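Enquirer: Quick one: this structure, given as structure tokens, is what I'll be asking you about.
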Amino acid sequence: MPIYQAAARRYGVPWTVLAAINAVETDYGRDMKVSSAGAIGWMQFMPATWRTYGVDADGMGKANPYDARDAIFAAARLLAANGGAKHLRRAVFAYNHADWYVTEVLWLSDRIAGAPPSASASTKLSAMRTAAEALDGLPYVYGGGHGGWTLSGGYDCSGFVSAVLHAAGYLTEPVTTQTLPSQPGIVSGPGRWVTIFDRTDASSTTEDHVIIDIDGQWWESGGSSTDGGGASVHRITDISQAYLETFNLVLHPRSL
């Protein structure tokens, strides 16, 4: 924290965003292998970008991307150069040109800062968590959960997400991946506590899919995450960047 905070003071960007980027990029230095794109070090800089923004923050005479202090200061410098003091979302997008990345970093930054949900949001989140946990482990059944709001013997991806959203007061009837984006109360973009990733552009509707993040816990029914729970409703414990990039829409329930 002292390194994040010192870099934040020098460059005028939030220290929690630096910590969030570090978490997403290398799990706080636990995984510093060279990325498939060629990014390196504690904060995963492309070599050319490092040559421009690298900082010798530890005074060792050379900017080193594998040194935590140098890399975190360089990340703060890059964010500041892209307007991070006033336009944080734009600055994070400049760090990694992906909407899902910006969503993940800013959500995690809020979590690190400890920003609590309002009482009404907290009630909705509790209802959604309770619904998801009640359905956890039920089998994936194509078309399951679309007969209404009574308990089904199995759920497909959109049937499960519909049930979870309905528990918090959203949706008048179960919806599909294709119809979810147009529902009242479902809006475009990431939410603060709940975000939905919806795939509506697959080659067939049987390949469409939807997953949901409820206050930091990802859930799905079916799907192809790496958790081995594809035949059932399950928590996603290993959400990968590659998996999130297979979804073309990012949505959230209004007020969450």
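The values are calculated or read from the model by the stated rules, or taken from the named source; none is laboratory data. Small disclaimer: the values here were computed from a predicted structure and weren't measured. Positions of Cβ are generated from backbone atoms using ideal geometry, with glycine treated the same way; all protein chains shown enter the neighbour counts.
Enquirer: Can you tell me which residues in segment 35-62 are at pLDDT 95 or above, among the aliphatic types (A, V, I, L, M), assigned to a loop (DSSP other than H, G, I, E, B) and out of contact with any Asp or Glu (no Cβ under 7 Å at 6 or more places or on another chain)?
Expert: Answer for segment 35-62, where residues must be at pLDDT 95 or above, among the aliphatic types (A, V, I, L, M), assigned to a loop (DSSP other than H, G, I, E, B) and out of contact with any Asp or Glu (no Cβ under 7 Å at 6 or more places or on another chain): Ala39, Met46.
Enquirer: Surrounded by 20 or more Cβ atoms within 10 Å (Cβ to Cβ) and either in contact (Cβ under 8 Å) with a residue 12 or more places away in the chain or among the basic types (Lys, Arg) (or both): is that true of Ala57 in this structure?
Expert: yes
Enquirer: Kindly indicate whether Tyr170 is within 23 Å of Val102 (Cβ to Cβ) and not assigned by TED's automatic domain parsing to the domain that holds Arg89.
Expert: When the stated conditions are applied, Tyr170 does not pass them.
Enquirer: Another one. Looking at segment 112-145 only, could you name the residues that are of a type in the set (Phe, Trp, Tyr) and surrounded by fewer than 18 Cβ atoms within 10 Å (Cβ to Cβ)?
Expert: Across segment 112-145, the qualifying residue is only Tyr142.
Let's see how each residue does on (1) closer than 17 Å to Asp213 by Cα; (2) modelled with pLDDT of 95 or more; (3) outside the structural domain of Phe197 (by TED's automatic domain parsing); (4) not in a loop (DSSP other than H, G, I, E, B):
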{"site": "Arg90", "(1), (2), (3), (4)": "no, no, yes, yes"}
{"site": "Tyr101", "(1), (2), (3), (4)": "yes, no, yes, yes"}
{"site": "Leu106", "(1), (2), (3), (4)": "yes, no, yes, yes"}
{"site": "Ala131", "(1), (2), (3), (4)": "yes, yes, no, yes"}
{"site": "Ser158", "(1), (2), (3), (4)": "yes, yes, no, yes"}
{"site": "Val161", "(1), (2), (3), (4)": "yes, yes, no, yes"}
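Enquirer: Only one of Leu165, Leu171 is surrounded by 16 or more Cβ atoms within 10 Å (Cβ to Cβ) and assigned to a helix (DSSP H, G or I). Can you tell me which?
Expert: Of the residues listed, the single one that is surrounded by 16 or more Cβ atoms within 10 Å (Cβ to Cβ) and assigned to a helix (DSSP H, G or I) is Leu165.
Enquirer: Exactly one condition in (1) more than 14 Å from the chain's Cα centre (by Cα); (2) buried (at least 19 other Cβ atoms within 10 Å of the Cβ); (3) in a strand (DSSP E or B); (4) not aromatic (Phe, Trp, Tyr) is not met by Ile212; state its number.
Expert: Among (1) more than 14 Å from the chain's Cα centre (by Cα); (2) buried (at least 19 other Cβ atoms within 10 Å of the Cβ); (3) in a strand (DSSP E or B); (4) not aromatic (Phe, Trp, Tyr), Ile212 violates only (1).
Enquirer: Turning to a different aspect of this structure: Would you call Tyr28 in a loop (DSSP other than H, G, I, E, B), modelled with pLDDT of 95 or more and either over 22 Å from the mean Cα position of the chain (by Cα) or in the same structural domain as Trp15 (by TED's automatic domain parsing) (or both)?
Expert: Answer is no for this residue.
Enquirer: Specify the residue that is farthest from Ser255 (Cα to Cα); the eligible residues are those in segment 113-172 that are more than 20 Å from the chain's Cα centre (by Cα) and of a type in the set (Val, Ile, Thr).
Expert: Per the stated criteria, the residue is Val141.
Enquirer: Among (1) surrounded by fewer than 14 Cβ atoms within 10 Å (Cβ to Cβ); (2) in contact with a strand residue (DSSP E or B) (Cβ under 9 Å, 6 or more places away or on another chain); (3) not basic (Lys, Arg), which single condition is Pro65 missing?
Expert: (1)
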